[in-house]
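Below: one structure, written as structure tokens.
All of the numbers you see were taken from the coordinates with simple rules; none came from a lab. Because the structure is a prediction, the values reported are computed rather than measured. Please note: Cβ atoms are built from the backbone with ideal geometry, for glycine as well, and neighbour counts cover all protein chains shown.
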Protein chains: 6
Amino acid sequence: MDERLTHFEDGKPRMVDVSEKPATLRVARAEAFVHLPEPAARALAEGGVGKGDPLVVAQLAGIMAAKKTSELIPLCHPLPLRRVRVDLDFDRERNAVRIEAEVKTKAETGVEMEALTAASVAALTVYDMLKAVAKGIEIGPVRLLYKSGGKSGTWVRES
Amino acid sequence: MDERLTHFEDGKPRMVDVSEKPATLRVARAEAFVHLPEPAARALAEGGVGKGDPLVVAQLAGIMAAKKTSELIPLCHPLPLRRVRVDLDFDRERNAVRIEAEVKTKAETGVEMEALTAASVAALTVYDMLKAVAKGIEIGPVRLLYKSGGKSGTWVRES
Amino acid sequence: MDERLTHFEDGKPRMVDVSEKPATLRVARAEAFVHLPEPAARALAEGGVGKGDPLVVAQLAGIMAAKKTSELIPLCHPLPLRRVRVDLDFDRERNAVRIEAEVKTKAETGVEMEALTAASVAALTVYDMLKAVAKGIEIGPVRLLYKSGGKSGTWVRES
Amino acid sequence: MDERLTHFEDGKPRMVDVSEKPATLRVARAEAFVHLPEPAARALAEGGVGKGDPLVVAQLAGIMAAKKTSELIPLCHPLPLRRVRVDLDFDRERNAVRIEAEVKTKAETGVEMEALTAASVAALTVYDMLKAVAKGIEIGPVRLLYKSGGKSGTWVRES
Amino acid sequence: MDERLTHFEDGKPRMVDVSEKPATLRVARAEAFVHLPEPAARALAEGGVGKGDPLVVAQLAGIMAAKKTSELIPLCHPLPLRRVRVDLDFDRERNAVRIEAEVKTKAETGVEMEALTAASVAALTVYDMLKAVAKGIEIGPVRLLYKSGGKSGTWVRES
Amino acid sequence: MDERLTHFEDGKPRMVDVSEKPATLRVARAEAFVHLPEPAARALAEGGVGKGDPLVVAQLAGIMAAKKTSELIPLCHPLPLRRVRVDLDFDRERNAVRIEAEVKTKAETGVEMEALTAASVAALTVYDMLKAVAKGIEIGPVRLLYKSGGKSGTWVRES
């Protein structure tokens, strides 16, 4: 692990130079949770039937957001994404939606931010669809689960 | 509170009709937390001096993201934002960055999603700048603090 | 009907001046058809079950595209959309998907282009999801059905 | 030809994994037609003189739209386009504008959607410039003419 | 004139609050110059014939850029533009292209940045089309000519 | 140097074909100046203290704009940027801000437009932050300093 702020040179922000790095296969997986007060959980349980399932809306929002990552995060490199998967599972017992996003690329730098952005935007979309029912919805934790590829190699979250 | 999924009609997603609603002043405030493992907190404490402060990068990312909300959240209405404020405070004792975003508009619908999106993207940007130091950073909770305006009136998170 | 090219002044393209026009309620509806060769129709009929329905993907793509109209059509005014509805119906007998998009705003100019763009992008998305099965899919006609509001008033397609 | 919906896994939409596929030269060509009622055709014939030619506006809109394809079509991969050509020809006898778009890339997946999107948006732009004259304009068919490259090889529309 | 940095509060950047200001008609005009070395000027003079005129490409780029201003300038408010005009004139004697952009809106804040952005992006597009001929092209000055509307009233550049 | 307008074929604009060109390392550097009337220079000198430095806002705007170049310049190829650096220096004696932008990629075509766009948008952002103090700010010259890579090799501005 590098303890410097790699996005800074002489105290100024940069999109860091990756031109000398080889393009290698990169994978990242992230998760996000959305905690629903009971009325929101009930609405989702009842509304989540049939082809208009709200979780599909959030899933697509997550996939599309992965492609917008470098527009949102100022110092992120634009990367040619080769796979984006976003899954949402609603746990009625815990009244929580768990989101898992996985992104792959073959590039000079990793896709952690893309996976985290996909998971975050999917979570925000769940919020949006349920906010008329309950404003007390909370998102979190949003966190990285796994990354592979590049000089720093494979990293797996300890459970 | 309405217990239906207002974004759905006959089980299908919609951008809901707000054409009959009056444009009124709307305010929303949201917060997000970023929890830093010790090495990341130390790097931020040490790097956060001078004009290249990483928190300014995140602050601007949050402001710009508020303007992109309706591109990210599929069923959100595009709204003419009239104020966006994003503040970040780093608490070295708890090793956490607290982000607060406030958005104002005069419109037919509220700006909760804009405030939550600003806070989330600012949090993701903090992650991005510190991820070379520690991948175990966690974001959350992300949640609404306050909203006013519109038919549902004022709502304040209970502490 | 005005027989001039209103987007041109002295032979040069303009985003025309609507600053003197009052903001009134505007509605537009458009339709688009996607004609499927038999293998694509069969795949859609079989795949279109359960919550991963391909038509929901196209529906959301259409809604989101309505919001991007002024980015795509060079001389279009950016408008504050207040409702977007996109519906897709698959007619297995004719092997065609019919898309209907409706857009509302309260503005100085109409939303015909928003409705047509929503319908077109929904149609392109249907194509995208079925193109591995059959490249001979055809889109059309794409056309306006109805518009109301503004100086030119209500217009309804003759059937 | 593959008869499955390749954008779906276990009934859920995905941006499919192309990380194992080699980057090869890909070409796609698509066409779109815009059918003009007589007043619109006359306006175009008369207005289409000099350097403000409306067809140039549509041509540029098509080229720029090709670059936005992966923002519009939810499950499309972002691709590094290496050539985009859009041509429009107005046939005064048939009162129709024919648009042909050609896109090239060197990538893991094809550019059919980019060519179809370019042709569609150019057609919508023609509509926009002539809609004050005649709302009964119709677009279609929009269809693929040719594609080459990739595992599925060359495909040519039968005439 | 206000001598404070209005975009800053307590030393931190903000999108300033315009919610208390009335929406009034706002106009801004800006100009930009592109200075061409002789080979570039000759290529433009010779190429600028017929319907593919390079200046039309720049003109459209300017109009479309006006609509993107609030995406580009971090603290700019998104505004509902009601007119955008961009004109380019090539002065073969001085080997310079003069660009004039005019933007109108009815809003709480002005459109100076929109006019300046339109002029700048049109100038960059002229550069792009001529850069294969001569890299020594220079852009400037880019400056405001006129603004009206709002509390600060009308301002006209002294010549 | 090629004296033709390479973006045109048969008098029509194209995104030119770079599919036969090898991807090589490309670097471009550009500069832009912002000339400040005395009140604006004084406000910048006084406001430019502490972590809310206005020049950091402009610096980030420039970095993010580099990533948007192909959306702004109609015939530009989308390129995978590998480094973006934007620096701003305020010369209180000359009351001018000098901006230097450097962009790197490994691609089939160069990044001159990306460097020029980054410098221009950073300059516009300086204008935006100081326009309440003095509208007579002028931008220019904006120009290329250096480029390397590709068939046309290295080019350096003569001073």
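Under a cut-off of 18 Å between alpha-carbon atoms, report the lysines in cross-link reach of B:Lys106, not counting same-chain residues fewer than 8 places apart. Once the sequence-local lysines are set aside, what remains near B:Lys106 is B:Lys21, B:Lys67, B:Lys68, B:Lys147, B:Lys151, C:Lys106, E:Lys21, E:Lys106. Per the Debye formula on identical point scatterers at the alpha carbon atoms of chain D, with no solvent, log10 I(q)/I(0) at q = 0.08 Å⁻¹ is -0.27.
Across peptide C:89-101, what mean number of C-beta atoms from other chains lies inside 10 Å of a residue's C-beta? Don't skip to the answer; put the middle values down first.
Values: counts 0, 0, 0, 0, 0, 0, 0, 0, 0, 0, 0, 0, 0.
Shielding by partners across C:89-101 averages 0.
Look at where the Cα atoms of segment D:18-74 and of segment F:68-141 average out, and the two centres are 30 Å apart.
Mind giving me the FRET efficiency for B:Arg92 and F:Lys151? R0 is 60 Å, r the Cβ-Cβ distance, nearest 0.05 is fine. Write out the running numbers ahead of the final one.
Details: r = 54 Å, r/R0 = 0.89.
Using R0 = 60 Å, I get an efficiency of 0.65.
Note on chain E: GNM, Cα springs under 10 Å; of E:Ile139, E:Ile73, E:Ile99, the largest mean-square fluctuation is that of E:Ile73. For A:Ala45, the point set 7 Å out from Cα toward Cβ sits 3.8, 4.6, 6.8, 6.8, 8.0 nm from its twins in the other copies, listed from shortest up.
Shown for F:Arg94: label points 7 Å from Cα along the beta-carbon vector, and their distances to the equivalent points in the other copies, 2.2, 4.9, 6.0, 6.0, 6.9 nm in ascending order. Helix F:54-66 and the longest principal axis of the Cα set of chain F meet at an angle near 10°.
A simple rule links phi to the HN-Hα coupling: the Karplus curve 6.51 cos²θ - 1.76 cosθ + 1.60 with θ = phi - 60°, which for segment F:136-143 gives x, 4, 10, 9, x, x, 10, 7 Hz, with x for Gly and Pro. For segment D:13-89, GluC sites (Glu not before Pro) meeting the loop criterion (DSSP other than H, G, I, E, B) and having at most 12 other Cβ atoms within 10 Å: D:Glu20. Axis between E and C by rotation; chain E residue with nearest Cβ and distance in whole Å recorded as E:Pro80, 4. For the protein assembly as shown, a/c is less than 1.5, where a ≥ b ≥ c are the root eigenvalues of the C-alpha gyration tensor. That puts it in the rounded class. Comparing F:Ala30, F:Ala66, F:Ala132 in a Gaussian network model of chain F (Cα springs below 10 Å), the most mobile by mean-square fluctuation is F:Ala132. Count neighbours as other Cβ atoms within 10 Å of each site's Cβ, and list the GluC sites (Glu not before Pro) in segment C:89-127 that are DSSP loop with at most 13 such neighbours. Sparse-neighbourhood loop GluC sites (Glu not before Pro): C:Glu93.
Within the same chain, lysines fewer than 8 places from C:Lys12 are excluded, and of the rest, those with a Cα less than 16 Å from its Cα are D:Lys51, E:Lys51.
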